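Reviewing the structure listed below.
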Amino acid sequence: EDAHDYRYFPDPDLLPLEISPAEIEAVRADMPELPERRKQRFMTELGLSEYDADLLVQVRELADYFETVAQGCGDAKLAANWVNGEVSNTLNAHALEPVQNPVSAAALVQLLVRIQDNTVSNRIARDVFAAMWAGEGSADTIIEQKGLKQITDTGAIEAMIDAIIADNPAQVAEYRAGKEKLFGFFVGQAMKASRGKANPAALNEMLKKKLEG
């Protein structure tokens, strides 16, 4: 017999260790969710693409942040777009870790809700986020102080479109002759005139009707 053979002999002085199923489940519940499992949950339960889910689970704190934002705004896809996009890009630009993010999850939720209720467009929201990052206040405060609310008044949008059409007769003629790519030109002119505050959906719908009329 060798020394290693004795390693497998039962020791009469040690009591058998018995672990109940309940204890196993309790330990499992206390363990942090592994990235791959979390990724699958994001895909199956929240409807995220594999690409979005994979980016989010790379850093646990970022995934935690995303979940809080998604729950707060009720739109996982919108939350993922912002966390993987504007939030991550800004963190990277400043060489910061997610835990150093100056914009709390609750603060980002407030901004995303303002996109959802059409207070601001997604483009303007990026400017608001930059101001929030710089410590200029909450989304609502910045929107109010800087006058960034979307123009949703159809009368105001129509008047703006009429002026653009009147100022660009050559482009209108070309568009009506079949050069539909010029639609982007008119959208650009309208957004410039409204300083980016015209509601995109209302603007596009009315502009199309006016140009085709």
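Please treat every number below as a calculation from the coordinates, not as lab data. Source: prediction; values computed, not measured. Here the Cβ is made from the backbone with ideal geometry for all residues, glycine too, and neighbour counts use every protein chain on show.
Figures for the structure shown
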{"read-out": "Shape metrics for the range 10-92, restricted to C-alpha atoms - Rg then Dmax, Å", "value": "18.8, 63"}
{"read-out": "Volume of the Cα convex hull of the range 102-150, divided per residue and given in Å³", "value": "56 Å³"}
{"read-out": "For the range 119-176, the Rg and Dmax computed from alpha carbons only, in angstrom", "value": "16.4, 48"}
{"read-out": "Net +/- balance of residues flanking Pro98 in space, Cβ distance below 14 Å, scoring K and R +1, D and E -1", "value": "-4"}
{"read-out": "Volume in Å³ per residue [convex hull over Cα atoms, computed for the chain]", "value": "223 Å³"}
{"read-out": "Counted charge near Ser49, where neighbours are those whose Cβ lies closer than 13 Å (Asp, Glu -1; Lys, Arg +1)", "value": "-1"}
{"read-out": "Modelled FRET efficiency - R0 45 Å, Gln100 with Lys181, Cβ distances, 0.05 increments", "value": "0.55"}
